[in-house]
Amino acid sequence: VWVLRKRDMTMIADQGRSNFYLPFGLIVADPEEDWSDPPPPPFRSNCEDGEEELTEPNDTAQQATRIMAGDYEGAICNAEPDFYRFVINGPWRATLEFDSGEGDLDMYVFDKITGEAVRDENGMAIGSNSTGDVEMIEHSGPAILIIFGYNSSSANYTLNLEAL
């Protein structure tokens, strides 16, 4: 999706360059603003008291909750992601289950040094970002997982980590 300002036919926004849905209402209200990097949509929590994981805070890679193979209940209840750290020296699978009707969550293997998703040999981020109720990653070796709400979504989740 591109947004063209009609008076001078200048492209003022490009969905392909944005990490979020374009805020069309805001763009129409102020077409002279710089929309090359629009802000994230406002965050609205879908959590009730006590639904955040017991290991909070785990909102940065430095605070990542150390986990082993097993099931973990959690929730994205604020605009910050959740981080989990584990050591499995061989292949593993991480499965994230949630209700996409409540909010769309995504999950990636995170590189603490670059502050971005780990990339495979083809330059693709190692992760899962579908629109369904399950995200799954298969990878190998110690890792940090980042779980976040797509487009500022909020939802409860179950994370399952298993050695393969």
(message) If TYR72 satisfies all but one of (1) within 16 Å of the chain's Cα centre (by Cα); (2) open to solvent by 50 Å² or more (accessible area, probe 1.4 Å), what's the number of the condition it fails?
(response) (1)
(request) Considering each residue of region 56-72, count those that are touching a Phe, Trp or Tyr at 6+ places or on another chain (Cβ under 8 Å) and either free of Cβ contacts under 8 Å to residues at least 12 places away in the same chain or not small (Gly, Ala, Ser) (or both), and give that number. (result) 9
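Here is a yes/no grid of residues against (1) under 16 Å from the mean Cα position of the chain (by Cα); (2) charged (D, E, K, R); (3) surrounded by fewer than 17 Cβ atoms within 10 Å (Cβ to Cβ); (4) not in a strand (DSSP E or B):
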| site | (1), (2), (3), (4) |
| --- | --- |
| THR95 | yes, no, no, no |
| ASP106 | yes, yes, no, no |
| PHE110 | yes, no, no, no |
| SER130 | yes, no, yes, yes |
(message) Return the residues of region 1-25 that are assigned to a loop (DSSP other than H, G, I, E, B) and either touching a Cys at 6+ places or on another chain (Cβ under 6 Å) or free of Cβ contacts under 8 Å to residues at least 60 places away in the same chain (or both); say none if nothing qualifies.
(response) VAL1, LYS6, ARG7, ASP8, MET9, SER18, ASN19, LEU22, PRO23
(message) I'm trying to understand the selection: among the residues of region 26-45, which are in a loop (DSSP other than H, G, I, E, B) and out of contact with any strand residue (DSSP E or B) (no Cβ under 9 Å at 6 or more places or on another chain)?
(response) ASP30, ASP37, PRO39, PRO40, PRO41, PRO42, ARG44
(message) Quick check on my filter: what residues within region 6-25 are out of contact with any strand residue (DSSP E or B) (no Cβ under 6 Å at 6 or more places or on another chain) and among the charged types (D, E, K, R)?
(response) LYS6, ARG7, ASP8, ARG17
(request) Among the residues of region 133-143, write down those that are part of a strand (DSSP E or B) and either buried (at least 17 other Cβ atoms within 10 Å of the Cβ) or of a type in the set (Gly, Ala, Ser) (or both). (result) GLU135, ILE137, HIS139, SER140, ALA143
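The values are calculated or read from the model by the stated rules, or taken from the named source; none is laboratory data. On a predicted model such as this, the values are computed, not experimentally measured, just so you know. With ideal geometry, Cβ positions are generated from the backbone for all residues, glycine too; neighbour counts draw on all protein chains shown. Just so you know, the surface numbers come from the protein's heavy atoms only, side chains and all, with ligands and any DNA or RNA stripped out. Shrake-Rupley method; radii C 1.70, N 1.55, O 1.52, S 1.80 Å.
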